[in-house]
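The values are calculated or read from the model by the stated rules, or taken from the named source; none is laboratory data. Values in this document were obtained by computation on a predicted structure and should not be read as measured data. Reconstructed Cβ throughout: ideal geometry from the backbone, glycine too, with neighbour counts over all protein chains shown. In case anyone asks, the SASA skips ligands and DNA or RNA and just uses the protein heavy atoms, side chains included. Shrake-Rupley method; radii C 1.70, N 1.55, O 1.52, S 1.80 Å.
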Amino acid sequence: RAGSTRNQQDRYYLARTFDEIADRPGGYLRLLGSKLMWSLQDEEIRDSHSFYFFRNRMRVLRWLPSFGIVLALAVTGLAIHTSYSRWWLFAYFIAMLTTVVFLVIGTRYRMPLLPALFPFAGASIAVLIERLRLRDFKRTAVLGAVVAFVWIFSELGRDEPSRNSAEEWALSGL
């Protein structure tokens, strides 16, 4: 209505953002820490649509491993396989995680993290199976403990699910 252009609007909101960060740098660091923590949690925070609503209505989503399980297996796989040929995959993960933490509000945008996690998770499963096959129970227990520790860490955050599913029902109807 004021006749301002998109560039003027962007400059206005960026200036307000940087002013607020300058006024409260500690608050901004706490916000980034919180976003990093939530980005590594198994919990799906409701953004505009509830993941849990759709998971309860689509069987395939119930059978898929949760983010926390994939993360736990990937961390273990990364610890096992330190090959320098995979540095680019880890660098991609860090770049996507940084993007989620610094630029994006909702954790549903962490989906780009998964392509980097799957190969490491697969490597972890392969090594766990191999160690069991070789009856190397000591190493299997250590690797299992790492998986359990990271998985427990990913379960720390809890976001109360929303009971308002009007948008989800509308999308389902469409």
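A few remarks follow.
- If you filter region 114-158 down to residues that are under 24 Å from the mean Cα position of the chain (by Cα) and among the aromatic types (Phe, Trp, Tyr), you find that the one that is most open to solvent (accessible area, probe 1.4 Å) is PHE149.
- Selection from region 163-174 of residues that are surrounded by fewer than 14 Cβ atoms within 10 Å (Cβ to Cβ) and either assigned to a loop (DSSP other than H, G, I, E, B) or modelled with pLDDT of 90 or more (or both): ARG163, ASN164, LEU174
- Qualifying residue in region 4-18 (condition: in a loop (DSSP other than H, G, I, E, B), farther than 30 Å from ALA145 by Cα, within 21 Å of the chain's Cα centre (by Cα) and at pLDDT below 80): no
- Pairs, first over 26 Å from ILE125 (Cβ atoms) in region 53-65, second part of a helix (DSSP H, G or I) and open to solvent by less than 80 Å² (accessible area, probe 1.4 Å), C-beta under 8 Å, six or more apart: PHE53/GLU168; PHE54/LEU61; PHE54/GLU168; ARG57/SER172
- In region 111-128, the residues that are at pLDDT 90 or above never reach a residue that is assigned to a helix (DSSP H, G or I) and open to solvent by 70 Å² or more (accessible area, probe 1.4 Å) with C-beta atoms less than 6 angstrom apart, at least six apart or across chains.
- Candidates ARG135, ARG131, ARG86, ARG139, filtered to the one that is more than 15 Å from LEU40 (Cβ to Cβ) and at pLDDT 90 or above: ARG135
- Scope region 3-31; condition of a type in the set (A, V, I, L, M) and either surrounded by fewer than 10 Cβ atoms within 10 Å (Cβ to Cβ) or over 21 Å from VAL101 (Cα atoms) (or both); matching residues: ALA22
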